[in-house]
Amino acid sequence: MRLQNAHVVVVGGSTGVGAALVRALAAEGARCTVLALPGEELDQVVAEVGGAEVPLDLADFDQVDGAIGRAEALNGPVDVLMCNAAVSPAGPFQDFGARQLWHATTVNMLSQMELIRQVIPGMRARGRGTITTTGSLSTEVSMIHLGAYVPGKAGLTKCALDLQSELRDYGIRVFTFILGSVKGTTLANKAIEDPVVDFIERRAGDAGVLTPEVVAKRMVEVVGSDRKSALITVPKAASPLVGFRNLAVKLIDPVMGRPARKFKRQAHR
């Protein structure tokens with residue numbers, strides 16, 4: 001698809017990968033609306049690219065309600081929704097409180113699922129659209145002290161994988177990006193406050209380490225292409241691991257997914 005003059009909504013676009021993504025999209029001529037926590041960081045990136053903003057807290061369902069409608073009131077129908085927000089509490093699982101677990105799961109998964117739900121009807125009516133989610137390689141391996149972060153990211157990735165199949169007949173592409181370590185961001189710095197996570201990061205060294213700009217460039221390349229829905233791993237070197245973990249989805253689709261889509265089409269005739 002052409003990004004020139006496309007309306008792209010970036011969730012979590014005020015810092016880190018999200019802010020780099022907004023800048024990269026704007027450089028391609030996209031009209032950007034940024035959904036993020038209110039504050040100087042949001043105001044700065046929006047002013048820099050001449051975009052629009054919808055300040056909100058993803059942990060507050062009342063603020064999330066109608067957010068896509070508010071974005072469309074500012075910049076027109078949404079062509080692309082890019083879900084990139086995350087929080088990364090770290091530590092022994094037994095030390096988290098119920099509120100911390102609820103907050104992390106709501107921000108990392110539930111509220112972004114709700115934004116996807118809000119954007120689908122308009123995309124279906126227009127017969128086109130692109131949705132992306134951002135996952136993590138930490139969901140593909142066993143990680144300790146990230147028990148409040150990983151489940152929400154894994155759940156959002158699974159939601160996107162299922163939507164790839166569900167939305168295939170409506171002209172809506174769904175990409176889920178699985179990212180390696182992006183050091184130096186607010187998200188990463190928060191996680192390594194925990195000594196065990198810091199040890200893991202130091203043990204991994206610089207292997208596969210990414211920058212926000214490298215990630216954003218890859219995301220924009222994919223979204224701006226004519227590719228169909230896909231699972232994209234950044235860095236590419238980790239693709240075999242992710243591909244193997246998701247092999248069952250591809251093998252089962254001809255047996256379950258494809259017949260289910262055919263049944264749905266026939267039932268709605």
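Values in this text are rule-based calculations from the coordinates and carry no lab data. Small disclaimer: the values here were computed from a predicted structure and weren't measured. Please note: Cβ atoms are built from the backbone with ideal geometry, for glycine as well, and neighbour counts cover all protein chains shown.
On a 25 Å Cα-Cα criterion, which of the cross-link pairs K153/K262; K153/K264; K217/K250; K153/K228; K190/K250; K158/K250 come out too long?
The pairs that break the limit, which is 25 Å between Cα atoms, are K153/K262; K153/K264; K217/K250; K190/K250.
Sort 13-26, 73-86, 226-239 for me by packing, meaning the mean count of neighbouring Cβ atoms within 10 Å per residue, highest on top.
13-26, 73-86, 226-239
Figure the gain on full extension for K183 and M256 (residue separation times 0.36 nm, minus the Cα-Cα span) and round it to one decimal in nm.
So the extension gain works out to 22.3 nm.
Amide H to amide H under 5 Å from T132: which residues, 5+ apart in sequence or cross-chain, H placed 1.01 Å off N in plane?
HN-HN under 5 Å from T132: L81, M82, C83, F175.
Points 7 angstrom from Cα along the Cβ direction at A204 and L247: gap in nanometres?
In this crude label model, A204 to L247 measures out at 2.4 nm.
What nm value, rounded to one decimal, do you get for the distance between E193 and F263 when each label is placed 7 Å out toward the C-beta?
Modelled inter-label distance: 4.8 nm.
Relative contact order of the chain, please, whole-number percent, based on alpha carbon pairs below 8 angstrom and at least 6 residues apart. All intermediate terms of the calculation are to be shown ahead of the outcome.
Numbers: 470 pairs, mean separation 51.6, N = 269.
Computed value for the chain: 19 percent relative contact order.
Hey, what number do you get for the chain at 222 nm if only DSSP H runs of n ≥ 4 count, each worth -39500 (n - 2.57), divided across all residues, to the nearest 500?
About -14000 deg cm²/dmol.
So for the pair K217, A98, with labels modelled 7 Å out along Cα→Cβ, what separation do we get in nm?
4.8 nm
To the nearest 0.05, what FRET efficiency results for R117 and D57 with a Förster distance of 25 Å applied to their C-beta separation?
E(calc), rounded to 0.05, equals 0.85.
Would you mind pulling out the separation of the Cα centroids of the range 27-92 and the range 190-269, in Å?
22 Å
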